[in-house]
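Novice: One structure, pasted below without further comment.
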Amino acid sequence: MWDGEAARAALPAVLEGFGVTVLATVPAFAVAMLLGLVLALVQRAGPGWLALPVRGAAAFVRTTPLLVQLFAAWVLVPALDAPVLGVLVLGTHYATYLSEVYRTGIDAVPKGQWEACTALSLPRRRVWRAVVLPQAVRNVLPPLGNYAVSMFKETPLLSVITVHEMVHEANTFGSTHFAYLESFTLAAAVFLLASWPTSVLVRRLEARLAV
């Protein structure tokens, strides 16, 4: 049965965990965006001797569970602090997905644009920097937003490497005060309140770009 007093007592712990969740999500997604772009460029425009192993490594990371990757990294790289390790693993895992998103955006650039750049004899770097990437990134903004929300909701997995994110704090409070219903309900509500506006903004952006 719901206990309002227990819920009020759990709120500070849940909000403290929410701060850790945000601090993990933001840099992890920055890592994912940058590394994902690099992976996409290597696979799309890199030499074959480099693109092939990069494609294989990305497929391996993408098709193995994030939980296993976190635990393996925690065992194999004990020197890194758990939050830093969590950010790197989470960012790397999602970078393999974002690389496919970027590749889709690059492939969506009209063929005529490539032909025009060739006719003008533009340097290869300028073609990518001034013509292809601006259009590709614009094309994939909605999927990037969806993956950001998905990453935010997967941060509870970081608790396996002792990162005290929101669900971990809710579980700790619940086990200490026998108030699992209140603590986990608050955690779920915070997840909803934080992710719902972002989802709405992504849908509006997708609708605007489709016009």
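Novice: Hey, could you check the stretch 16-63 for residues that are of a type in the set (S, T, N, Q) and either without any contact (Cβ under 8 Å) to a residue 12 or more places away in the chain or touching a Pro at 6+ places or on another chain (Cβ under 9 Å) (or both) and say which is farthest from LEU85 (Cα to Cα)?
Specialist: Per the stated criteria, the residue is THR63.
Novice: Taking VAL163 and the conditions (1) under 30 Å from ALA72 (Cβ atoms); (2) touching a helix residue (DSSP H, G or I) at 6+ places or on another chain (Cβ under 7 Å); (3) open to solvent by less than 50 Å² (accessible area, probe 1.4 Å); (4) assigned to a helix (DSSP H, G or I), which numbered condition does it fall short on, given that it satisfies the others?
Specialist: Answer for VAL163: the failing condition is (4).
Novice: Filter the stretch 83-141 for residues that are more than 21 Å from GLY56 (Cα to Cα), at pLDDT 95 or above and either open to solvent by less than 20 Å² (accessible area, probe 1.4 Å) or among the charged types (D, E, K, R) (or both) and give the result.
Specialist: LEU85, GLY86
Novice: Another question, then. Might you let me know whether the stretch 162-181 holds any residue that is within 14 Å of LEU90 (Cβ to Cβ), β-branched (Val, Ile, Thr) and under 19 Å from the mean Cα position of the chain (by Cα)?
Specialist: Yes.
Novice: Could you tell me whether ALA6 is farther than 24 Å from SER159 by Cβ, in a helix (DSSP H, G or I) and modelled with pLDDT under 95?
Specialist: The answer is no for ALA6.
Novice: Okay, moving on. Please indicate, with yes or no, whether at least one residue in the stretch 13-29 is aromatic (Phe, Trp, Tyr), outside any helix (DSSP H, G or I) and either within 21 Å of PHE173 (Cβ to Cβ) or in contact with a helix residue (DSSP H, G or I) (Cβ under 7 Å, 6 or more places away or on another chain) (or both).
Specialist: The answer is no, given that none of the residues of the stretch 13-29 is aromatic (Phe, Trp, Tyr), outside any helix (DSSP H, G or I) and either within 21 Å of PHE173 (Cβ to Cβ) or in contact with a helix residue (DSSP H, G or I) (Cβ under 7 Å, 6 or more places away or on another chain) (or both).
Novice: Another question about this same structure. Which condition number in (1) assigned to a helix (DSSP H, G or I); (2) touching a helix residue (DSSP H, G or I) at 6+ places or on another chain (Cβ under 8 Å); (3) surrounded by fewer than 16 Cβ atoms within 10 Å (Cβ to Cβ) is the one that LEU158 fails?
Specialist: Failing condition for LEU158: (3).
Novice: Working only within the stretch 46-61, note down all residues that are of a type in the set (A, V, I, L, M, F, W, C) and open to solvent by less than 40 Å² (accessible area, probe 1.4 Å).
Specialist: Within the stretch 46-61, ALA51, VAL54, ALA58, ALA59, VAL61 meet the criteria.
The values are calculated or read from the model by the stated rules, or taken from the named source; none is laboratory data. Note that this is a predicted model, so its numbers are computed, not measured. Cβ: placed from backbone, ideal geometry, glycine included. Neighbour counts: every protein chain shown. For accessibility, only protein heavy atoms count, side chains too; no ligands or nucleic acids. Shrake-Rupley method; radii C 1.70, N 1.55, O 1.52, S 1.80 Å.
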